[in-house]
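**Student:** Attaching a single structure in C-alpha coordinates format; questions to follow.
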Amino acid sequence: MLIHDVRNSLVDVDVADLNQLKSDLNHSQPVDVGEYIAQLPKKQRAIAFRLLNKSQAIDVFEYLPLDVQEELINSLHDVQVAQIVEAMSPDERAELFDELPAKVIKRLLQELSPEERQATATILGYPEGTAGRLMTTEYVRLRQGLTVGEALSKIRRQDEDKETIYYAYVTDDNRTLVSVVSLRQLLFTFPDVYIREISSDRVIKVRTETPQEEVAQVMKRYDLIAIPVVDREERLVGIVTIDDVIDILEEEATEDFQKLAGASGDEAAFSSPLVTICKRLPWLLGIMLLYIGASSAIAPFQSTISMVPVLAVIMPLFSNTGGTVGIQALTVTIRSLGVGEVTPKDTLKILRKELLAGLGTALVLATTMMLLSLIWARPQERWVALIAGMVMASNTIVAVALGTLLPMALKRLKLDPALISGPLVTTMLDTIGFLTFLSLISVALNVLHLPK
(Lines give C-alpha, C1' and ligand atoms only; values in the text may rest on other atoms or scores of the structure.)
Protein backbone atom coordinates (compact mmCIF):
# COMPACT_ATOMS: atom_id res chain seq x y z
CA MET A 1 0.00 0.00 0.00
CA LEU A 2 1.57 3.27 -1.16
CA ILE A 3 -0.63 5.75 0.68
CA HIS A 4 1.36 8.52 2.41
CA ASP A 5 0.58 7.88 6.09
CA VAL A 6 -0.77 11.13 7.55
CA ARG A 7 -2.95 10.12 10.47
CA ASN A 8 -2.30 12.43 13.39
CA SER A 9 -4.42 15.30 12.12
CA LEU A 10 -5.53 15.83 8.54
CA VAL A 11 -6.74 19.25 9.56
CA ASP A 12 -3.32 20.57 10.59
CA VAL A 13 -1.02 19.01 7.97
CA ASP A 14 0.74 21.36 5.58
CA VAL A 15 -0.28 21.78 1.94
CA ALA A 16 2.58 19.67 0.60
CA ASP A 17 1.65 16.66 2.75
CA LEU A 18 -2.03 17.07 1.91
CA ASN A 19 -1.28 17.19 -1.83
CA GLN A 20 0.93 14.13 -1.50
CA LEU A 21 -1.83 12.27 0.37
CA LYS A 22 -4.37 13.28 -2.29
CA SER A 23 -2.10 11.95 -5.01
CA ASP A 24 -1.48 8.69 -3.11
CA LEU A 25 -5.18 8.16 -2.43
CA ASN A 26 -6.16 8.66 -6.05
CA HIS A 27 -3.42 6.39 -7.40
CA SER A 28 -3.89 3.49 -4.97
CA GLN A 29 -6.19 0.51 -5.27
CA PRO A 30 -9.75 1.30 -4.06
CA VAL A 31 -9.71 -1.58 -1.56
CA ASP A 32 -6.51 -0.22 0.04
CA VAL A 33 -7.92 3.32 0.19
CA GLY A 34 -11.12 2.00 1.77
CA GLU A 35 -9.10 0.21 4.45
CA TYR A 36 -7.03 3.36 5.10
CA ILE A 37 -10.08 5.64 5.46
CA ALA A 38 -11.93 3.14 7.69
CA GLN A 39 -8.98 3.16 10.14
CA LEU A 40 -8.84 6.96 10.40
CA PRO A 41 -10.36 8.74 13.41
CA LYS A 42 -14.05 9.47 12.84
CA LYS A 43 -13.61 13.24 12.32
CA GLN A 44 -10.96 12.75 9.64
CA ARG A 45 -12.72 10.22 7.40
CA ALA A 46 -14.83 12.78 5.54
CA ILE A 47 -11.74 14.97 4.94
CA ALA A 48 -9.82 12.05 3.44
CA PHE A 49 -12.79 10.97 1.35
CA ARG A 50 -13.17 14.47 -0.11
CA LEU A 51 -9.61 14.23 -1.42
CA LEU A 52 -10.72 11.53 -3.84
CA ASN A 53 -11.72 12.34 -7.39
CA LYS A 54 -15.23 11.33 -8.47
CA SER A 55 -14.45 7.98 -10.08
CA GLN A 56 -12.10 6.92 -7.26
CA ALA A 57 -14.65 7.98 -4.62
CA ILE A 58 -17.33 5.82 -6.27
CA ASP A 59 -15.02 2.78 -6.36
CA VAL A 60 -13.72 3.28 -2.81
CA PHE A 61 -17.17 3.75 -1.29
CA GLU A 62 -18.18 0.14 -1.96
CA TYR A 63 -15.14 -1.12 -0.01
CA LEU A 64 -15.97 0.83 3.14
CA PRO A 65 -17.69 -0.83 6.12
CA LEU A 66 -21.42 -0.11 6.31
CA ASP A 67 -21.11 2.08 9.40
CA VAL A 68 -18.49 4.25 7.68
CA GLN A 69 -20.68 4.48 4.56
CA GLU A 70 -23.58 5.68 6.69
CA GLU A 71 -21.34 8.19 8.45
CA LEU A 72 -20.10 9.63 5.13
CA ILE A 73 -23.61 9.90 3.72
CA ASN A 74 -24.52 12.10 6.67
CA SER A 75 -21.45 14.30 6.21
CA LEU A 76 -21.29 14.73 2.41
CA HIS A 77 -23.36 17.06 0.24
CA ASP A 78 -26.52 15.62 -1.30
CA VAL A 79 -25.11 15.89 -4.84
CA GLN A 80 -22.00 13.86 -3.92
CA VAL A 81 -24.09 11.25 -2.12
CA ALA A 82 -26.52 10.93 -5.03
CA GLN A 83 -23.68 10.37 -7.50
CA ILE A 84 -22.05 7.71 -5.33
CA VAL A 85 -25.26 5.84 -4.54
CA GLU A 86 -26.38 5.97 -8.18
CA ALA A 87 -23.10 4.35 -9.26
CA MET A 88 -23.31 1.50 -6.73
CA SER A 89 -24.42 -1.93 -7.87
CA PRO A 90 -28.06 -2.65 -6.88
CA ASP A 91 -27.13 -5.38 -4.39
CA GLU A 92 -24.52 -3.22 -2.64
CA ARG A 93 -27.00 -0.34 -2.57
CA ALA A 94 -29.69 -2.55 -1.04
CA GLU A 95 -27.24 -3.71 1.66
CA LEU A 96 -26.45 -0.08 2.48
CA PHE A 97 -30.13 0.88 2.62
CA ASP A 98 -30.72 -1.89 5.17
CA GLU A 99 -28.56 0.06 7.62
CA LEU A 100 -29.92 3.57 6.97
CA PRO A 101 -32.84 5.34 8.64
CA ALA A 102 -36.12 5.33 6.66
CA LYS A 103 -35.94 9.12 6.11
CA VAL A 104 -32.51 8.89 4.50
CA ILE A 105 -33.56 5.93 2.32
CA LYS A 106 -36.60 7.85 1.05
CA ARG A 107 -34.45 10.86 0.17
CA LEU A 108 -31.82 8.75 -1.60
CA LEU A 109 -34.42 6.79 -3.58
CA GLN A 110 -35.82 10.06 -4.91
CA GLU A 111 -32.35 10.99 -6.18
CA LEU A 112 -31.89 7.76 -8.13
CA SER A 113 -32.76 7.31 -11.80
CA PRO A 114 -36.03 5.41 -12.44
CA GLU A 115 -34.09 2.30 -13.56
CA GLU A 116 -31.84 2.20 -10.48
CA ARG A 117 -34.77 3.00 -8.19
CA GLN A 118 -36.73 0.06 -9.62
CA ALA A 119 -33.74 -2.31 -9.36
CA THR A 120 -33.17 -1.33 -5.72
CA ALA A 121 -36.84 -1.62 -4.81
CA THR A 122 -36.98 -5.07 -6.41
CA ILE A 123 -34.09 -6.37 -4.31
CA LEU A 124 -35.37 -4.77 -1.09
CA GLY A 125 -38.71 -6.49 -1.67
CA TYR A 126 -37.21 -9.93 -0.99
CA PRO A 127 -36.63 -11.30 2.54
CA GLU A 128 -33.18 -10.87 4.10
CA GLY A 129 -30.88 -13.85 3.81
CA THR A 130 -32.33 -15.04 0.47
CA ALA A 131 -30.96 -15.14 -3.07
CA GLY A 132 -33.38 -12.36 -4.05
CA ARG A 133 -31.89 -10.00 -1.48
CA LEU A 134 -28.34 -11.00 -2.41
CA MET A 135 -28.60 -10.82 -6.20
CA THR A 136 -27.72 -8.01 -8.59
CA THR A 137 -29.89 -7.07 -11.54
CA GLU A 138 -26.82 -6.17 -13.62
CA TYR A 139 -26.28 -9.19 -15.86
CA VAL A 140 -25.98 -9.99 -19.56
CA ARG A 141 -29.21 -11.25 -21.13
CA LEU A 142 -29.44 -12.50 -24.71
CA ARG A 143 -32.39 -13.56 -26.83
CA GLN A 144 -32.53 -16.98 -28.46
CA GLY A 145 -32.68 -15.70 -32.03
CA LEU A 146 -29.37 -13.80 -31.95
CA THR A 147 -26.23 -14.92 -33.75
CA VAL A 148 -22.86 -14.94 -32.00
CA GLY A 149 -21.83 -11.79 -33.90
CA GLU A 150 -25.01 -9.98 -32.87
CA ALA A 151 -24.57 -11.10 -29.26
CA LEU A 152 -21.00 -9.80 -29.05
CA SER A 153 -22.06 -6.52 -30.63
CA LYS A 154 -24.85 -6.15 -28.04
CA ILE A 155 -22.44 -6.87 -25.18
CA ARG A 156 -20.01 -4.21 -26.46
CA ARG A 157 -22.75 -1.59 -26.90
CA GLN A 158 -25.01 -2.16 -23.90
CA ASP A 159 -23.39 -4.35 -21.29
CA GLU A 160 -20.14 -2.54 -20.50
CA ASP A 161 -21.20 -1.76 -16.92
CA LYS A 162 -22.63 -5.19 -16.05
CA GLU A 163 -21.24 -6.78 -12.89
CA THR A 164 -19.93 -9.82 -14.76
CA ILE A 165 -19.85 -10.82 -18.43
CA TYR A 166 -18.28 -14.25 -18.05
CA TYR A 167 -21.71 -15.78 -18.57
CA ALA A 168 -24.59 -14.59 -20.72
CA TYR A 169 -28.08 -15.86 -19.98
CA VAL A 170 -30.42 -16.73 -22.83
CA THR A 171 -34.14 -16.06 -22.37
CA ASP A 172 -37.31 -16.17 -24.46
CA ASP A 173 -39.68 -13.27 -25.03
CA ASN A 174 -41.19 -13.73 -21.54
CA ARG A 175 -37.73 -13.53 -19.88
CA THR A 176 -37.94 -17.24 -19.04
CA LEU A 177 -34.42 -18.59 -18.54
CA VAL A 178 -33.71 -21.06 -21.33
CA SER A 179 -29.95 -21.61 -21.46
CA VAL A 180 -26.53 -20.18 -20.64
CA VAL A 181 -23.47 -19.44 -22.75
CA SER A 182 -19.97 -18.43 -21.65
CA LEU A 183 -17.99 -15.51 -23.03
CA ARG A 184 -15.29 -18.01 -24.03
CA GLN A 185 -17.78 -19.84 -26.26
CA LEU A 186 -18.87 -16.58 -27.88
CA LEU A 187 -15.30 -15.48 -28.59
CA PHE A 188 -14.25 -18.77 -30.19
CA THR A 189 -17.35 -19.37 -32.33
CA PHE A 190 -18.01 -18.05 -35.84
CA PRO A 191 -20.15 -14.88 -35.89
CA ASP A 192 -22.97 -16.34 -38.02
CA VAL A 193 -23.67 -19.28 -35.65
CA TYR A 194 -26.88 -18.91 -33.65
CA ILE A 195 -26.68 -18.64 -29.85
CA ARG A 196 -29.12 -21.50 -29.38
CA GLU A 197 -26.67 -23.86 -31.14
CA ILE A 198 -23.84 -23.36 -28.63
CA SER A 199 -25.66 -22.51 -25.39
CA SER A 200 -26.32 -25.14 -22.71
CA ASP A 201 -29.84 -25.81 -21.46
CA ARG A 202 -28.47 -27.56 -18.34
CA VAL A 203 -28.58 -24.39 -16.30
CA ILE A 204 -27.74 -24.48 -12.61
CA LYS A 205 -29.96 -21.88 -10.96
CA VAL A 206 -31.58 -20.89 -7.68
CA ARG A 207 -34.90 -19.27 -6.81
CA THR A 208 -35.39 -15.87 -5.24
CA GLU A 209 -36.46 -17.49 -1.95
CA THR A 210 -33.44 -19.85 -1.74
CA PRO A 211 -31.49 -19.25 1.51
CA GLN A 212 -28.16 -17.54 0.92
CA GLU A 213 -26.24 -20.37 2.61
CA GLU A 214 -27.70 -22.81 0.08
CA VAL A 215 -26.74 -20.47 -2.77
CA ALA A 216 -23.15 -20.48 -1.52
CA GLN A 217 -23.12 -24.27 -1.29
CA VAL A 218 -24.46 -24.69 -4.84
CA MET A 219 -21.88 -22.29 -6.27
CA LYS A 220 -19.09 -24.01 -4.36
CA ARG A 221 -20.26 -27.45 -5.46
CA TYR A 222 -20.31 -26.55 -9.17
CA ASP A 223 -17.35 -24.09 -9.13
CA LEU A 224 -19.45 -21.21 -10.46
CA ILE A 225 -18.44 -17.55 -10.48
CA ALA A 226 -22.07 -16.50 -10.96
CA ILE A 227 -25.45 -18.20 -10.68
CA PRO A 228 -28.78 -17.05 -12.16
CA VAL A 229 -31.76 -16.31 -9.91
CA VAL A 230 -35.28 -17.03 -11.18
CA ASP A 231 -38.73 -16.34 -9.75
CA ARG A 232 -41.53 -18.89 -9.37
CA GLU A 233 -42.41 -18.53 -13.06
CA GLU A 234 -38.82 -19.37 -14.03
CA ARG A 235 -38.22 -15.80 -15.22
CA LEU A 236 -34.67 -14.52 -14.88
CA VAL A 237 -34.56 -11.69 -12.33
CA GLY A 238 -30.87 -11.45 -11.36
CA ILE A 239 -27.58 -13.20 -10.65
CA VAL A 240 -25.48 -13.85 -7.57
CA THR A 241 -21.74 -13.37 -8.07
CA ILE A 242 -18.76 -15.04 -6.43
CA ASP A 243 -17.71 -11.94 -4.45
CA ASP A 244 -21.05 -11.95 -2.63
CA VAL A 245 -20.72 -15.67 -1.91
CA ILE A 246 -17.27 -15.18 -0.40
CA ASP A 247 -18.77 -12.56 1.92
CA ILE A 248 -21.54 -14.99 2.90
CA LEU A 249 -19.11 -17.81 3.68
CA GLU A 250 -16.99 -15.46 5.78
CA GLU A 251 -20.03 -14.13 7.65
CA GLU A 252 -21.44 -17.60 8.28
CA ALA A 253 -18.07 -18.97 9.45
CA THR A 254 -17.60 -15.98 11.77
CA GLU A 255 -21.12 -16.26 13.14
CA ASP A 256 -20.83 -20.02 13.76
CA PHE A 257 -17.43 -19.61 15.41
CA GLN A 258 -18.69 -16.85 17.73
CA LYS A 259 -21.87 -18.74 18.62
CA LEU A 260 -19.83 -21.83 19.40
CA ALA A 261 -17.77 -19.75 21.82
CA GLY A 262 -20.89 -18.20 23.34
CA ALA A 263 -20.31 -14.76 21.82
CA SER A 264 -22.46 -12.42 19.74
CA GLY A 265 -22.33 -13.08 16.02
CA ASP A 266 -21.95 -9.40 15.06
CA GLU A 267 -19.15 -8.21 17.36
CA ALA A 268 -16.01 -6.91 15.64
CA ALA A 269 -12.43 -6.69 16.88
CA PHE A 270 -12.53 -2.88 16.93
CA SER A 271 -15.95 -2.56 18.56
CA SER A 272 -16.06 -0.01 21.36
CA PRO A 273 -15.74 -1.31 24.96
CA LEU A 274 -19.41 -0.46 25.58
CA VAL A 275 -20.53 -2.45 22.52
CA THR A 276 -18.33 -5.37 23.61
CA ILE A 277 -19.89 -5.34 27.09
CA CYS A 278 -23.42 -5.19 25.66
CA LYS A 279 -22.72 -8.06 23.25
CA ARG A 280 -20.95 -10.37 25.70
CA LEU A 281 -22.68 -9.76 29.01
CA PRO A 282 -26.05 -11.36 28.09
CA TRP A 283 -24.21 -14.50 26.97
CA LEU A 284 -22.13 -14.60 30.14
CA LEU A 285 -25.18 -14.17 32.37
CA GLY A 286 -26.95 -16.88 30.39
CA ILE A 287 -23.97 -19.19 30.82
CA MET A 288 -24.00 -18.52 34.58
CA LEU A 289 -27.64 -19.61 34.65
CA LEU A 290 -26.73 -22.73 32.71
CA TYR A 291 -23.98 -23.60 35.17
CA ILE A 292 -26.52 -23.48 37.98
CA GLY A 293 -27.59 -26.88 36.63
CA ALA A 294 -24.11 -28.30 37.05
CA SER A 295 -23.78 -26.73 40.50
CA SER A 296 -27.15 -28.15 41.50
CA ALA A 297 -25.87 -31.61 40.62
CA ILE A 298 -23.00 -31.14 43.10
CA ALA A 299 -24.94 -29.49 45.95
CA PRO A 300 -26.61 -32.65 47.36
CA PHE A 301 -23.21 -34.37 47.61
CA GLN A 302 -21.33 -31.86 49.75
CA SER A 303 -21.03 -34.33 52.62
CA THR A 304 -19.69 -36.99 50.21
CA ILE A 305 -17.00 -34.59 48.96
CA SER A 306 -16.04 -33.69 52.54
CA MET A 307 -15.58 -37.40 53.34
CA VAL A 308 -13.47 -38.05 50.22
CA PRO A 309 -11.42 -34.85 49.64
CA VAL A 310 -9.68 -36.16 46.53
CA LEU A 311 -13.00 -35.73 44.68
CA ALA A 312 -12.47 -31.95 44.65
CA VAL A 313 -9.20 -32.51 42.77
CA ILE A 314 -10.62 -35.04 40.30
CA MET A 315 -13.89 -33.32 39.36
CA PRO A 316 -12.40 -30.40 37.36
CA LEU A 317 -10.86 -33.02 35.06
CA PHE A 318 -14.33 -34.32 34.23
CA SER A 319 -15.51 -30.82 33.47
CA ASN A 320 -12.62 -29.74 31.26
CA THR A 321 -12.01 -33.02 29.45
CA GLY A 322 -15.64 -33.96 28.83
CA GLY A 323 -16.48 -30.45 27.65
CA THR A 324 -13.53 -30.40 25.25
CA VAL A 325 -14.46 -33.78 23.76
CA GLY A 326 -18.03 -32.56 23.24
CA ILE A 327 -16.93 -29.29 21.62
CA GLN A 328 -14.56 -31.15 19.29
CA ALA A 329 -17.40 -33.35 17.99
CA LEU A 330 -19.76 -30.37 17.88
CA THR A 331 -17.32 -28.22 15.87
CA VAL A 332 -16.65 -30.93 13.28
CA THR A 333 -20.38 -31.65 12.86
CA ILE A 334 -21.42 -27.99 12.55
CA ARG A 335 -18.63 -27.30 10.07
CA SER A 336 -19.55 -30.36 7.97
CA LEU A 337 -23.21 -29.32 7.91
CA GLY A 338 -22.25 -25.74 7.09
CA VAL A 339 -20.22 -26.59 3.99
CA GLY A 340 -22.68 -29.23 2.80
CA GLU A 341 -20.32 -32.12 3.42
CA VAL A 342 -23.01 -34.04 5.33
CA THR A 343 -26.79 -33.86 5.80
CA PRO A 344 -29.12 -35.17 8.54
CA LYS A 345 -29.48 -38.33 6.42
CA ASP A 346 -25.88 -39.14 7.32
CA THR A 347 -26.55 -39.00 11.08
CA LEU A 348 -26.13 -42.72 11.77
CA LYS A 349 -22.99 -42.96 9.62
CA ILE A 350 -21.37 -39.97 11.34
CA LEU A 351 -22.49 -41.14 14.79
CA ARG A 352 -20.98 -44.58 14.19
CA LYS A 353 -17.63 -43.01 13.22
CA GLU A 354 -17.68 -40.67 16.24
CA LEU A 355 -18.58 -43.47 18.65
CA LEU A 356 -15.75 -45.66 17.37
CA ALA A 357 -13.32 -42.76 17.71
CA GLY A 358 -14.86 -41.92 21.08
CA LEU A 359 -14.37 -45.47 22.31
CA GLY A 360 -10.64 -45.34 21.60
CA THR A 361 -10.40 -41.91 23.16
CA ALA A 362 -12.42 -43.04 26.18
CA LEU A 363 -10.04 -45.93 26.92
CA VAL A 364 -6.99 -43.65 26.92
CA LEU A 365 -8.68 -40.92 28.96
CA ALA A 366 -10.10 -43.40 31.46
CA THR A 367 -6.67 -44.99 31.98
CA THR A 368 -5.09 -41.56 32.46
CA MET A 369 -7.81 -40.56 34.94
CA MET A 370 -7.27 -43.74 36.95
CA LEU A 371 -3.50 -43.18 37.13
CA LEU A 372 -3.92 -39.55 38.22
CA SER A 373 -6.48 -40.56 40.84
CA LEU A 374 -4.09 -43.15 42.25
CA ILE A 375 -1.35 -40.53 42.48
CA TRP A 376 -3.50 -37.85 44.16
CA ALA A 377 -5.59 -40.06 46.46
CA ARG A 378 -4.69 -41.07 49.98
CA PRO A 379 -4.14 -44.83 50.40
CA GLN A 380 -7.66 -45.32 51.80
CA GLU A 381 -9.19 -43.41 48.84
CA ARG A 382 -7.56 -45.30 45.96
CA TRP A 383 -10.74 -47.23 45.25
CA VAL A 384 -12.05 -43.92 43.80
CA ALA A 385 -9.73 -44.42 40.78
CA LEU A 386 -11.85 -47.29 39.42
CA ILE A 387 -15.08 -45.25 39.53
CA ALA A 388 -13.30 -42.18 38.12
CA GLY A 389 -12.03 -44.20 35.14
CA MET A 390 -15.45 -45.71 34.45
CA VAL A 391 -17.22 -42.33 34.59
CA MET A 392 -14.57 -40.66 32.41
CA ALA A 393 -15.08 -43.36 29.77
CA SER A 394 -18.86 -43.09 29.83
CA ASN A 395 -18.78 -39.27 29.83
CA THR A 396 -16.52 -39.30 26.75
CA ILE A 397 -18.96 -41.51 24.85
CA VAL A 398 -21.88 -39.28 25.87
CA ALA A 399 -19.89 -36.20 24.80
CA VAL A 400 -19.25 -37.38 21.23
CA ALA A 401 -22.87 -38.53 20.94
CA LEU A 402 -24.25 -35.14 22.05
CA GLY A 403 -21.76 -33.24 19.88
CA THR A 404 -23.01 -35.18 16.85
CA LEU A 405 -26.72 -35.61 17.50
CA LEU A 406 -27.67 -32.12 18.73
CA PRO A 407 -26.62 -30.15 15.61
CA MET A 408 -27.99 -32.90 13.35
CA ALA A 409 -31.35 -32.68 15.12
CA LEU A 410 -31.48 -28.89 14.73
CA LYS A 411 -30.62 -29.18 11.04
CA ARG A 412 -33.41 -31.71 10.57
CA LEU A 413 -35.79 -29.23 12.22
CA LYS A 414 -34.50 -26.56 9.75
CA LEU A 415 -32.87 -24.56 12.55
CA ASP A 416 -29.31 -23.23 12.71
CA PRO A 417 -27.03 -25.98 14.13
CA ALA A 418 -24.75 -23.26 15.54
CA LEU A 419 -27.46 -22.51 18.10
CA ILE A 420 -25.86 -25.35 20.09
CA SER A 421 -23.05 -23.38 21.69
CA GLY A 422 -19.95 -24.81 23.39
CA PRO A 423 -20.99 -23.62 26.88
CA LEU A 424 -24.37 -25.34 26.51
CA VAL A 425 -22.77 -28.69 25.67
CA THR A 426 -20.18 -28.27 28.42
CA THR A 427 -22.87 -27.58 31.00
CA MET A 428 -24.91 -30.61 29.95
CA LEU A 429 -21.85 -32.84 30.17
CA ASP A 430 -20.82 -31.39 33.54
CA THR A 431 -24.27 -32.05 34.94
CA ILE A 432 -24.36 -35.64 33.64
CA GLY A 433 -20.75 -36.39 34.66
CA PHE A 434 -20.93 -34.91 38.18
CA LEU A 435 -24.28 -36.53 38.91
CA THR A 436 -23.07 -39.96 37.75
CA PHE A 437 -19.69 -39.76 39.47
CA LEU A 438 -20.91 -38.49 42.84
CA SER A 439 -23.88 -40.86 42.87
CA LEU A 440 -21.59 -43.85 42.35
CA ILE A 441 -19.19 -42.60 45.04
CA SER A 442 -22.10 -42.21 47.47
CA VAL A 443 -23.37 -45.70 46.69
CA ALA A 444 -19.89 -47.12 47.26
CA LEU A 445 -19.60 -45.34 50.61
CA ASN A 446 -23.05 -46.25 51.89
CA VAL A 447 -23.64 -49.70 50.49
CA LEU A 448 -20.20 -51.20 50.09
CA HIS A 449 -18.84 -49.56 53.30
CA LEU A 450 -15.60 -48.56 51.60
CA PRO A 451 -13.01 -46.66 53.69
CA LYS A 452 -13.27 -42.86 53.89
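**Student:** Dipole size in debye (nearest 20) for segment 361-438 around its Cα centre, Lys and Arg Cβ +1, Asp and Glu Cβ -1?
**Tutor:** With only Lys, Arg, Asp and Glu charged at Cβ, the dipole is about 160 debye.
**Student:** Tell me the angle of helix 90-99 to the major Cα principal axis of the chain, expressed in degrees between 0 and 90 and rounded to the nearest ten.
**Tutor:** Result, in degrees: 50.
**Student:** May I ask you to derive the relative contact order of segment 97-191, considering only C-alpha pairs under 8 Å and at least 6 residues apart, and to give it as an integer percent? Walk me through the numbers before you get to the answer.
**Tutor:** Details: 85 pairs, mean separation 20.0, N = 95.
Contact order relative to length: 21 percent.
**Student:** Turning to a different aspect of this structure: Between Arg221 and Asp192, 0.36 nm times their residue separation minus their Cα-Cα distance comes to what?
**Tutor:** Once the chain is fully extended between Arg221 and Asp192, it gains 7.0 nm.
**Student:** With a cut-off of 8 Å between alpha carbons and a minimum separation of six or more residues, what is the relative contact order of the chain in percent?
**Tutor:** Relative contact order here is 11 percent.
**Student:** What length, rounded to one decimal in nm, is gained on full extension from Thr368 through to Asp243, with 0.36 nm per residue of separation minus their alpha-carbon distance?
**Tutor:** Residue separation times 0.36 nm, minus the Cα-Cα distance, leaves 40.1 nm.
**Student:** What 222 nm value per residue comes from the helices of the chain, counting each DSSP H run with n ≥ 4 as -39,500 (n - 2.57) and dividing by all residues, nearest 500 deg cm²/dmol?
**Tutor:** Here the helix-only value at 222 nm equals -20500 deg cm²/dmol.
**Student:** Relative to the present Cα-Cα distance, how much length would full extension add between Asp98 and Met288 at 0.36 nm per residue of separation?
**Tutor:** Residue separation times 0.36 nm, minus the Cα-Cα distance, leaves 65.0 nm.
**Student:** Same structure, new question: Hey, what do the phi angles of segment 169-178 turn into as Karplus ³J(HN,Hα) couplings, whole Hz, using 6.51/-1.76/1.60 and θ = phi - 60°, x for Gly and Pro?
**Tutor:** Values, residue by residue: 9, 9, 10, 8, 5, 9, 6, 5, 5, 10 Hz.
**Student:** As an exercise, identify the chymotrypsin sites (Phe, Trp or Tyr not before Pro) in segment 122-205 lying in DSSP coil whose Cβ has no more than 11 other Cβ atoms within 10 Å. Walk me through the numbers before you get to the answer.
**Tutor:** Details: sites: Tyr139, Tyr166, Tyr167, Tyr169, Phe188, Tyr194; in loops: Tyr139, Tyr166, Phe188.
Passing both the DSSP loop test and the Cβ count: Phe188.
**Student:** Between (1) 209; (2) 137; (3) 156, which matches volume of the Cα convex hull per residue in Å³ calculated for the structure shown?
**Tutor:** Evaluating volume of the Cα convex hull per residue in Å³ on these atoms matches (1).
**Student:** Considering Cα pairs under 8 angstrom that are at least six residues apart, work out the relative contact order of segment 61-121 and quote it in whole percent.
**Tutor:** Computed value for segment 61-121: 39 percent relative contact order.
**Student:** Okay, next question. What is the Cα centroid distance between segment 404-435 and segment 304-373, reported in whole angstrom?
**Tutor:** 13
**Student:** Moving on. So which trypsin sites (Lys or Arg not before Pro) in segment 194-251 end up in coil per DSSP with only 15 or fewer other C-beta atoms within 10 Å? Walk me through the intermediate numbers first.
**Tutor:** Working: sites: Arg196, Arg202, Lys205, Arg207, Lys220, Arg221, Arg232, Arg235; in loops: Arg202, Lys205, Arg232.
Listed in order of number, the matching sites are Arg202, Arg232.
**Student:** Helix 66-75 against the longest principal axis of the chain: what's the angle in degrees, Cα atoms only, rounded to the nearest 10?
**Tutor:** Roughly 50 degrees between the two axes.
**Student:** Rounding to the nearest 20 debye, state how big the charge dipole of segment 77-130 is about its Cα centre with +1 on each Lys and Arg Cβ and -1 on each Asp and Glu Cβ.
**Tutor:** Dipole size: approximately 260 debye.
**Student:** Calculate the FRET efficiency for Ser200 and Thr331 from the Cβ-Cβ distance with a Förster distance of 45 Å, rounded to the nearest 0.05.
**Tutor:** For R0 = 45 Å, the calculated efficiency reads 0.70.
**Student:** Under a straight-distance cross-link criterion of Cα-Cα below 19 Å, which aspartates and glutamates are reachable from Lys345, leaving out those fewer than 8 residues away in the same chain?
**Tutor:** List returned: Glu213, Glu214, Glu354, Asp416.
**Student:** With a 1.4 Å probe and all protein chains left in place, how much accessible area per residue does segment 342-452 have, in Å²?
**Tutor:** Per residue, segment 342-452 has 51 Å² of solvent-accessible surface.
**Student:** Another one. With unit charges on the beta carbon (Lys/Arg positive, Asp/Glu negative), name the residue among Phe434, Ala357, Val229 whose Cα is farthest towards the positive pole of the charge dipole of the chain.
**Tutor:** Phe434
**Student:** Something else now. I'd like the distance between the alpha-carbon centres of segment 132-157 and segment 59-115, rounded to an integer number of Å.
**Tutor:** Rounded to whole Å, the Cα centres lie 27 Å apart.
**Student:** Also, I was wondering about something else. Which listed residue (Ile73, Leu40, Asn19) has the Cα farthest towards the positive end of the charge dipole for segment 13-102, taking +1 on Lys and Arg C-beta and -1 on Asp and Glu C-beta about the Cα centre?
**Tutor:** Asn19
**Student:** Nothing charged except the Cβ atoms of Lys and Arg (+1) and of Asp and Glu (-1): what's the magnitude of the dipole of the chain about its Cα centre? Round to the nearest 20 debye.
**Tutor:** Details: 43 positive and 57 negative charges, 414 e Å.
Taking the Cα centre of the chain as origin, the dipole is about 1980 debye.
**Student:** Output ³J(HN,Hα) for segment 359-375: one whole-Hz value per residue in order, computed from phi by the Karplus curve 6.51 cos²θ - 1.76 cosθ + 1.60 with θ = phi - 60°, and x for Gly and Pro.
**Tutor:** Each residue's phi maps through the Karplus curve to give 5, x, 5, 4, 5, 5, 5, 5, 4, 4, 4, 5, 5, 5, 5, 5, 5 Hz.
**Student:** Hey, rough spin-label estimate for Asp172 and Lys54, points 7 angstrom out along Cα→Cβ, what's it come to in nanometres?
**Tutor:** That separation, rounded to one decimal, is 4.4 nm.
**Student:** Here's another thing I want to ask about it. How tilted is helix 310-338 with respect to the longest principal axis of the chain? Cα atoms for both, answer in degrees (0 to 90, nearest 10).
**Tutor:** With rounding to tens, the tilt is 30 degrees.
The values are calculated or read from the model by the stated rules, or taken from the named source; none is laboratory data. The structure presented is a predicted model; accordingly, all values stated were derived computationally and were not measured. Cβ: placed from backbone, ideal geometry, glycine included. Neighbour counts: every protein chain shown. What goes into the accessible areas is simple: the full protein's heavy atoms, side chains included, and nothing from ligands, DNA or RNA. Shrake-Rupley method; radii C 1.70, N 1.55, O 1.52, S 1.80 Å.
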